[in-house]
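**Q** Have a look at this one before I ask anything.
We did not get these values from a lab; they are worked out from the coordinates using the rules stated. It should be emphasised that the depicted structure is a prediction, and the values quoted were computed from it without experimental measurement. Quick reminder, even Gly has a Cβ in these numbers, built from the backbone with ideal geometry, and neighbours come from all protein chains shown.
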Amino acid sequence: MGKITIDGRNVEFTDEKNVLSIIRKAGIDVPTLCYQPELSVFGACRMCTVEDDRGRLFASCSEEPRDGMVIFTNTAKLIKYRRKLLELLLAAHDRECTTCERSGDCQLQALANRYGVTDVRFSNYKERVPLDTSSPSIVRDPNKCILCGNCVRVCDELQSVGALGFAERGADATVTPAFQKQIAETDCVNCGQCRVYCPTGAITIKNDIDPVMDALADPTVRVVAQIAPAVRVAVNDAFGLEKGNNAIGKIVSFLKRLGFDEVYDTIFSADLTIMEEAAEFLERVQNGGKLPLLTSCCPAWVKFVGDQFPEFTEHVSTCRSPQGMMSAAVKEYFRDPAKAEGKKTVMVSFMPCTAKKMEAKRPNSFTKGEQDTDYVLTSTELIRMIQMSGISFAKLEDTPADDPFGIGSGGGVIFGVTGGVTEAVIRRLVPDQNPETMKMIAESGVRKDGFIREFSVPYNGMNLNICVASGLANARTVMEQVRSGEKKYHLIEIMACRRGCVYGGGQPRRSAMETTDDRTAGIYKADASMELKKCDFNPAITALYEGFAKGKEHELFHNHMFCAK
Ligand code: FES
């Protein structure tokens, strides 16, 4: 508790851990590159440096506030200091900015513009090294790394994977997997959180736009899209529409204008996932099967279990993810020659997730030996496609998704947030979708705060113990407690990314200044606006089970996904 003077104004502080947080509370955007509120303080970039009343410069992110401090954030000395820092960073950085994947969305480039760095007086002293393109999900370009350490800390502290680290010292320092391996040779789970926290183009999404555009230009091909729940709120945000709105109707319109033959909604197959997963869960509960059941929608989590907790692989649900179920159903539907009309089907999914690119290529998720999802594009790639097209996204009308895979319930929409899969499973277990029942489920504990949520729900005279966690470091905590016998659950839902898919590795980045959770609120708002709340009331699901999928449920909707490698 106390008061500090910032640029001549008194600002009170309470429990802020560093001076930077108080400066930001006062509405001043002091630049940062290595500070992330959810990570440990690294203090490497020095961009957050401020000046005190004795002319001393210090990094505000690593300075504890003291009552009576007097600081300045924008003096002539500081501006020169920050410019010099930027010049030094640029001197060790590949400056092919115009052709960089992150051009226009790079924090280093933005700061160079902001501080008017129009010339770099030092020549680049770093030797060019090859890119690491070994991963199906991300590309590492060490030539653009500024050694902020964000990727190293997020992989270690938030995800407990530790696929990246520092090697060498001084001017030779570099970020790399251990023993200079390629990223695909490590335990990387493809979650893409390193890319979310990277301030430059050193880690980017593997771009799959071109082959999709080629398929759209091919008259012998039927190009089919599916759109995941979390995409609709992120794309909405990116075009400056009211935060938290559901832009699914505009996305469908855009994809139709681009030439997609069919556009389906992944909330349909999220409903299908719940039908299958709830049945599997009850079967295990009633017949003494492997418990806890571990959810299988998140491919990064599935890979994490296989790598880190192999003794639990049989606990992982055999259900494919909503992406996998939709693609398998669509491909099977168009195998009927009458529907195929002589065209080959190419399935494109729009996902908030980089790990879905890996999932699509996993041979053990194929049907009849064929890759079901041909291309996975992230929300970020979809935004790029919209920008390239020149179409005004805000002016697009709303178009509904196509039948027969276009209808989904609110339970399918909430897959986009942590706890959503579990909430949809509980909805499946109750007989009605009355507002009071839905409210009771929402208040059961599944939506409470925190990255690890534990609660129980009554079912048929027993209490089902449930754990919902997001972020793989939290998943590790949960699984170690289960392994030691300290905790016992019937069901564990894990999403690899904190807060769930709305903050997935393929979503547009959020700046550290933004702390509101409007994407989550947007998903719940979309659910609240829907009349259909639960999967077993979805007429399209009933039609699927009674139609072409009859007798093929296991072949199309299940596999042994824990064989992730
Ligand atoms: Fe404070 Fe990098 S943001 S040192």
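**Q** Could you let me know the centre-to-centre spacing of segment 340-372 and segment 432-476, using Cα atoms, in angstrom?
**A** 31 Å
**Q** Based on the alpha-carbon gyration tensor of segment 408-553 and its eigenvalue square roots a ≥ b ≥ c, which shape applies: rounded if a/c is under 1.5, prolate if not and a/b is larger than b/c, or oblate?
**A** Cα axes put segment 408-553 in the oblate bin.
**Q** OK, next. When the helix-only estimate is applied to the chain (DSSP H runs of n ≥ 4, each -39,500 (n - 2.57), divided by the residue count), what is the mean residue ellipticity at 222 nm, nearest 500 deg cm²/dmol?
**A** Result for the chain, helices only: -9500 deg cm²/dmol.
**Q** Provide, in order from the shortest bin, the percent of all Cα-Cα pairs of segment 226-321 in each 10 Å bin, continuing until the bin that contains the maximum pair distance.
**A** Histogram of Cα-Cα distances, whole percents per bin: 14, 31, 27, 20, 8, 0.
**Q** Now, a different point. Counting only DSSP beta bridges with both residues in the chain, what percent are antiparallel, rounded to the nearest 5?
**A** Beta bridges within the chain, antiparallel portion: roughly 50 percent.
**Q** Please name whichever of Met530, Asn245, Phe548 sits farthest to the positive end of the charge dipole of the chain, dipole taken about the Cα centre and charges placed at Cβ: Lys and Arg +1, Asp and Glu -1.
**A** Asn245
**Q** Could you work out the per residue convex hull volume over the alpha carbons of the chain, in cubic angstrom?
**A** So the per-residue hull volume is 169 Å³.
**Q** Under the definition of Cα pairs under 8 Å and six or more residues apart, what whole-number percent is the relative contact order of segment 56-202?
**A** 24 percent
**Q** Take every Cα pair under 8 Å in the chain that's 6+ residues apart, average their separations, divide by the length, and report that relative contact order as a whole percent.
**A** Taking the mean separation of contacting Cα pairs over the length of the chain, I get 16 percent.
**Q** Based on the alpha-carbon gyration tensor of segment 317-396 and its eigenvalue square roots a ≥ b ≥ c, which shape applies: rounded if a/c is under 1.5, prolate if not and a/b is larger than b/c, or oblate?
**A** Details: a/c = 2.58, a/b = 1.39, b/c = 1.86.
In terms of gyration-tensor shape, oblate.
**Q** Right, next: Going by amide H atoms built from the backbone, whose H comes under 5 Å of the H on Val376, apart from near neighbours?
**A** Correct list: Ser349.
**Q** Placing unit charges on C-beta atoms (Lys and Arg positive, Asp and Glu negative, everything else neutral), compute the dipole magnitude of the chain about its Cα centre in debye, rounded to 20.
**A** It comes to approximately 1260 debye.
**Q** Can you tally the net charge around Asp132? Count Lys and Arg as +1, Asp and Glu as -1, for every other residue whose Cβ sits under 13 Å from the Cβ of Asp132.
**A** +3
**Q** Roughly how big is segment 400-520's charge dipole about its Cα centre, with Cβ charges of +1 (Lys, Arg) and -1 (Asp, Glu), in debye to the nearest 20?
**A** Charge dipole, segment 400-520, about its Cα centre: 420 debye, nearest 20.
**Q** Quickly rank 79-86, 445-452 as a protection proxy: mean count of other C-beta atoms within 10 Å, highest first.
**A** Averaged packing, sorted descending, gives the order 79-86, 445-452.
**Q** Please compute the length gained on full extension between Asn245 and Ala110, using 0.36 nm multiplied by the number of residues separating them and subtracting their Cα-Cα distance.
**A** Here the segment from Asn245 to Ala110 would lengthen by 45.8 nm.
**Q** Can you give the extra length, in nm with one decimal, that the chain gains between Glu314 and Thr75 once fully stretched, where that is 0.36 nm per residue apart less the Cα-Cα distance?
**A** 80.0 nm
**Q** Still on this model: Using +1 at the Cβ of each Lys and Arg and -1 at the Cβ of each Asp and Glu in the chain, identify which of Ser40, Val348, Ala91 lies farthest towards the dipole's positive end.
**A** Ala91
**Q** What ³J(HN,Hα) values, in whole Hz, does the Karplus curve 6.51 cos²θ - 1.76 cosθ + 1.60 give for segment 468-483 when θ = phi - 60°, with x put for Gly and Pro?
**A** 10, 9, 9, x, 6, 5, 5, 4, 4, 4, 4, 5, 5, 5, 5, 4
**Q** Rank-order 498-507, 343-352, 133-142 by packing density, defined as the average count of other C-beta atoms within 10 Å over each peptide's residues, highest first.
**A** Details: 498-507: 27.0, 343-352: 24.3, 133-142: 21.0.
Ranking the peptides 498-507, 343-352, 133-142 by packing returns 498-507, 343-352, 133-142.
**Q** If you stretched the chain out fully between Met388 and Asp432, how much longer would it get, using 0.36 nm times the residue separation minus the C-alpha to C-alpha distance?
**A** Details: separation 44, 0.36 × 44 = 15.84 nm, distance 4.54 nm.
The span from Met388 to Asp432 would gain 11.3 nm if fully extended.
**Q** Once you have a ≥ b ≥ c as the square roots of the Cα gyration tensor eigenvalues for segment 134-202, tell me rounded if a/c is under 1.5, and otherwise prolate or oblate according to whether a/b is larger than b/c. Don't jump to the answer; show the numbers that get you there.
**A** On the way: a/c = 1.36, a/b = 1.28, b/c = 1.07.
Note, shape of segment 134-202 comes out rounded.
**Q** Which of the peptides 164-170, 372-378 is most tightly packed, and how do the rest follow, judged by the mean count of other Cβ atoms within 10 Å per residue? Walk me through the intermediate numbers first.
**A** Details: 164-170: 12.3, 372-378: 25.6.
Averaged packing, sorted descending, gives the order 372-378, 164-170.
**Q** Anything over 27 Å Cα to Cα? Flag those among Lys25/Lys206; Lys206/Lys339; Lys126/Lys206; Lys303/Lys339; Lys80/Lys206; Lys126/Lys357, in the order listed.
**A** Lys25/Lys206; Lys206/Lys339; Lys303/Lys339; Lys80/Lys206; Lys126/Lys357
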